[in-house]
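This report concerns only the one structure given below.
The values are calculated or read from the model by the stated rules, or taken from the named source; none is laboratory data. Predicted model only: the values in this text are computed from it and were never measured. Cβ sites come from the backbone with ideal geometry, for glycine too, and all protein chains shown count toward neighbours.
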Ligand code: SF4
């Protein structure tokens with residue numbers, strides 16, 4: 001952050017027409033105003049031809065979620081609820097949290113998800129406590145509220161409208177560090193891909209469009225649980241002009257598919273991931 005990313009961000013900068021607050025003019029101004037898409041539809045490059053977007057938003061076919069999607073949903077809930085409980089100094093125990101899950105919305109057996117969830121819950125509680133202890137040790141006269149704000153300076157699952165940029169009005173960003181102005185996105189059980197950077201960059205643009213503050217740094221956090229161990233990797237990067245332009249291209253392509261109702265067709269079958277949520281729709 002200090003020696004590489006921030007100096008680069010300051011030196012290279014971001015073109016003013018690629019800041020979210022330039023939403024009223026090209027290239028950020030959306031061409032199709034009648035269509036609004038969620039962020040994951042714009043940023044996912046899972047399907048090589050974007051047929052998944054056509055099936056979901058033109059044909060209105062619901063996807064068939066896989067076990068990996070269920071794990072992602074549960075661990076997103078673990079991270080956000082655990083961080084929020086900590087920030088509000090509420091004592092929430094994993095077992096009581098587990099009882100609040102609505103299983104009708106999750107397509108996986110609870111017993112397959114419970115242990116990874118517990119591991120991540122315990123892990124987060126430990127690192128939050130450790131961070132709070134570290135901050136407290138440096139600021140003996142700070143109030144508890146101030147210490148918490150310094151230890152976990154996060155807006156978690158913050159609700160924000162993406163309508164100025166052609167997105168849904170009820171977006172929910174994973175996490176924003178309001179002290180360092182970093183936009184975080186959580187990826188569960190995924191191998192890093194270049195296109196994963198699109199999602200936090202998209203949220204940075206939306207944040208800029210609504211709040212008119214610059215967000216120059218983004219971070220993907222890759223979370224997994226393997227052999228009982230919690231694994232975390234971070235990809236911290238500059239939200240550069242190139243990434244912003246790439247995001248705009250993806251948004252425009254997908255808005256066009258939905259607005260024009262065009263089926264982009266299937267790629268060669270070997271290019272389709274077998275765990276694609278539309279595999280059965282496309283090939284059975
Ligand atoms: S099965 Fe292939 S073509 Fe169909 S949505 Fe999935 S990736 Fe796209």
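Taking first residues from the range 254-275 that are without any contact (Cβ under 8 Å) to a residue 24 or more places away in the chain and partners that are near the ligand (Cβ under 10 Å from one of its atoms), the Cβ contacts under 9 Å between residues at least 6 apart in sequence or on separate chains come to 268/48; 269/282; 269/283.
Of everything in the range 269-284 that's exposed (fewer than 14 other Cβ atoms within 10 Å of the Cβ) and part of a helix (DSSP H, G or I), which residue is farthest from the ligand (Cβ to nearest atom)? Give the derivation first.
Our first condition is that a residue be exposed (fewer than 14 other Cβ atoms within 10 Å of the Cβ); within the range 269-284, this holds for 269-271, 273-275, 280, 283-284.
Now narrow it down to the ones that are part of a helix (DSSP H, G or I): 269-271, 280, 283.
On the way: 269: 7, 270: 10, 271: 7, 280: 8, 283: 6 Å.
Out of the qualifying residues, it is 270.
Within the range 82-96, how many residues turn out to be without any contact (Cβ under 8 Å) to a residue 40 or more places away in the chain and touching a helix residue (DSSP H, G or I) at 6+ places or on another chain (Cβ under 6 Å)? First the steps, then the outcome.
Pass one, the range 82-96, residues without any contact (Cβ under 8 Å) to a residue 40 or more places away in the chain: 85, 88, 90-96.
Those left that are additionally touching a helix residue (DSSP H, G or I) at 6+ places or on another chain (Cβ under 6 Å): 92, 94.
Result for the range 82-96: 2.
Every test in (1) modelled with pLDDT of 95 or more; (2) away from the ligand (no atom under 16 Å from the Cβ); (3) more than 24 Å from residue 5 (Cβ to Cβ) is passed by residue 209 save one, and that test is (3).
Looking at the range 241-263, is at least one residue out of contact with any strand residue (DSSP E or B) (no Cβ under 9 Å at 6 or more places or on another chain) and more than 25 Å from residue 31 (Cβ to Cβ)? Steps first, answer last, please.
At the first step, the residues of the range 241-263 found to be out of contact with any strand residue (DSSP E or B) (no Cβ under 9 Å at 6 or more places or on another chain) are 241-242, 244-250, 252-253, 256-257, 259-263.
Right, trim to more than 25 Å from residue 31 (Cβ to Cβ) and you get none.
Looking for residues that are out of contact with any strand residue (DSSP E or B) (no Cβ under 9 Å at 6 or more places or on another chain) and more than 25 Å from residue 31 (Cβ to Cβ), one finds none in the range 241-263, hence no.
Can you spot a residue in the range 245-268 that is part of a loop (DSSP other than H, G, I, E, B), buried (at least 17 other Cβ atoms within 10 Å of the Cβ) and within 13 Å of the ligand (Cβ to nearest atom)?
Of the range 245-268, the ones part of a loop (DSSP other than H, G, I, E, B) are 261-268.
When the remaining residues are screened for being buried (at least 17 other Cβ atoms within 10 Å of the Cβ), the result is 264.
Applying the additional criterion that residues be within 13 Å of the ligand (Cβ to nearest atom) yields 264.
For the range 245-268, residues part of a loop (DSSP other than H, G, I, E, B), buried (at least 17 other Cβ atoms within 10 Å of the Cβ) and within 13 Å of the ligand (Cβ to nearest atom): present.
Apart from one condition, residue 71 fits all of (1) touching a residue at least 60 places away in the same chain (Cβ under 8 Å); (2) closer than 30 Å to residue 250 by Cβ; (3) over 19 Å from the mean Cα position of the chain (by Cα); (4) away from the ligand (no atom under 16 Å from the Cβ); the exception is (3).
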